2 protein chains.
Amino acid sequence: MPRSPSTADPADTSLRQQVYVSLREALTAGRFAPGQKVTFRYVAGVLGVSLTPVREALRRLVAEGAFEMQPNRSVRLPLMTRAKVLELRDMRMALEGLAAEKAALAASRDQIAAIRRAAREIVAARSRGDGVTDRQKVREFHFAIYAAAGQPTLLRVIEGLWLQTGPYMNLLYPDFVASPRGPAGRLRIIEALQARDAATAGREMQQDIGRALTYVADLADDTGNIAPARPLPARRRRGVAAGADAFELRAT
Amino acid sequence: MPRSPSTADPADTSLRQQVYVSLREALTAGRFAPGQKVTFRYVAGVLGVSLTPVREALRRLVAEGAFEMQPNRSVRLPLMTRAKVLELRDMRMALEGLAAEKAALAASRDQIAAIRRAAREIVAARSRGDGVTDRQKVREFHFAIYAAAGQPTLLRVIEGLWLQTGPYMNLLYPDFVASPRGPAGRLRIIEALQARDAATAGREMQQDIGRALTYVADLADDTGNIAPARPLPARRRRGVAAGADAFELRAT
DNA sequence: GGATGGAATTTGTGATCACAAATTTGCATT
DNA sequence: AATGCAAATTTGTGATCACAAATTCCATCC
């Protein structure tokens, strides 16, 4: 068993890995617009490396579905149609439900404490209106559970699915939080983990994900346009294109 | 939606893709031994290409979990422990069950006919003792169903999971067939698809996979050794290493 | 005889180059 | 002003090279 079951191996210091992590973070932070074309040389230029590591990092992200390759051999951020959101919803319900079941059976006292802490921090951040911390802690809450399941392959696949939904969850963030989701669902999950009740933990996790992504699906049409209920603050236009913000290579 | 939802895009004529397909086939055919190290230059030499396309193809397979990268930065075929088989079993039950449900709702008359045909050919091949055709048709039967579900992302992830179990299913083939699996389960699946009974189709698919992989799990120990009930015909030793057979670049 | 240390070899990584496919640009024509 | 077409530019692909990390080999020593 490799030391790090996650895809972001901190022991890997290769440029390829650094580029991969940078792109992943930029993706999660919503710094690519839907349908935006990403060229190898542009990424290489921004990060100050040659094409070689960029190629490998970008190709990996294509393999993971985070980017898509077009027939004319250019790489773009995929558009998110309503059908694709629903497909991802059902896959995430199945796999993250499974992970929650496993976590209920395997989570240690310390791991449950960490999960509970993340849940508290979500509430705190949301009451402050701190969206960045909110999203970060939501992710932390979920992955603390999935890591506690102790299933490295399952974890890797779930990470891949988040990578595909991530950019859009971010794009729709204000609406997403306004959706009917309070801390109650999370508390029920934690309770089930504590009680080692795998069936309930799985079911509650499925409901949580199902509600969230059904809501997101209703914001997407069939042509790949995402339509936020309220217009987004600035520079982010719906539809294709819009200029890319630069992203920096994380500190080494 | 890309023309080919599968990972093996026939329209892609790049060397990278050809190397990827070659490695994939060699993997599925069991031409790599568990734990066997695979060097870039060896693959490049056998296929008569430079390192560049080999790197990208092999890295993609690492990203898909078909190979694993060691801390000393060499690429190997992962060992298959009992725990990993069980993990893959549960993931496959969840996702292939989901795919069967979707297929029950979406499969066309023609698609169901193709599924039925594959099921018949499995029976025929098995009665002839034709293992190669048997395995091929089993794969065809399953993927005909998953393709009928019309969910490209789901299909891609399932293909990735098969790529991880494939080499070992092959290794254990004689035992696997001897396991208590007849055509009955497959017929029940087809019946459910025909009746558009999603719940039953999903449940039957889960049972089929659950039975098969539980059986395989019992043949694996915790150290990564696969122990066939009867010794395998020849040159294939259990445990680490054993020389690699060459594999050829498919006709272009 | 087995352990040890350093040289020789193997092997992955990143940069660079040549080239062909795709895209954009710019100009001429209707 | 819209259209067609060729030149110019952009961009992905594959090969090659230099280099450092890892591995193997082999002589030497206890």
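The values are calculated or read from the model by the stated rules, or taken from the named source; none is laboratory data. Note that the structure is predicted; figures quoted are calculated from it, not measured. Counting neighbours? That spans all protein chains shown, and the Cβs are built from the backbone with ideal geometry, glycine included. For accessibility, only protein heavy atoms count, side chains too; no ligands or nucleic acids. Shrake-Rupley method; radii C 1.70, N 1.55, O 1.52, S 1.80 Å.
Scanning residues 5 or more positions from A:Phe67 or on other chains, those with amide H under 5 Å from its amide H are A:Val62, with H placed 1.01 Å from N in the peptide plane. The translational diffusion coefficient of the stretch A:1-155, from Stokes-Einstein at 10 °C and 1.306 mPa s with a Kirkwood hydrodynamic radius over alpha carbon pairs, comes to 90 µm²/s. Pull out a ≥ b ≥ c, the square roots of the eigenvalues of the alpha-carbon gyration tensor of the stretch A:74-215, then state rounded if a/c is under 1.5, prolate if not and a/b is larger than b/c, and oblate in the remaining case. Judged from the Cα gyration tensor, the stretch A:74-215 comes out oblate (a/c at least 1.5, b/c at or above a/b). Accessible surface calculations at 1.4 Å, restricted to protein heavy atoms, place the stretch A:15-76 at 40 Å² per residue. Here each label is just a point 7 Å from Cα along the line to Cβ, and for A:Asp197 and A:Arg139 those points are 3.1 nm apart. Take B:Asp110: with every protein chain present and a 1.4 Å probe, its accessible area is about 120 Å². Excluding residues on the same chain fewer than 8 positions from B:Lys102, give the lysines whose Cα lies under 24 Å from its Cα. Hits, sequence-local ones excluded: A:Lys84, B:Lys137. Qualifying trypsin sites (Lys or Arg not before Pro) in the stretch A:60-128, where qualification requires a DSSP coil assignment and no more than 10 other C-beta atoms within 10 Å, comprise A:Arg73. Across peptide A:85-97, the average count of Cβ atoms from other chains found within 10 Å of a residue's Cβ is 4.
Using Cβ point charges alone (K and R +1, D and E -1), the dipole size of the stretch B:82-217 about the Cα centre works out to roughly 160 debye. Please state the shape class of the stretch A:15-76: rounded when a/c is under 1.5, otherwise prolate if a/b exceeds b/c and oblate if not, all from the C-alpha gyration tensor. Rounded, because the longest to shortest axis ratio a/c is under 1.5. Taken across both chains, chains A and B shield about 2300 Å² of accessible surface from a 1.4 Å probe. Annotation for A:Arg120 and A:Asp12: the two label points, set 7 Å from Cα along the Cα-Cβ direction, are 3.5 nm apart.
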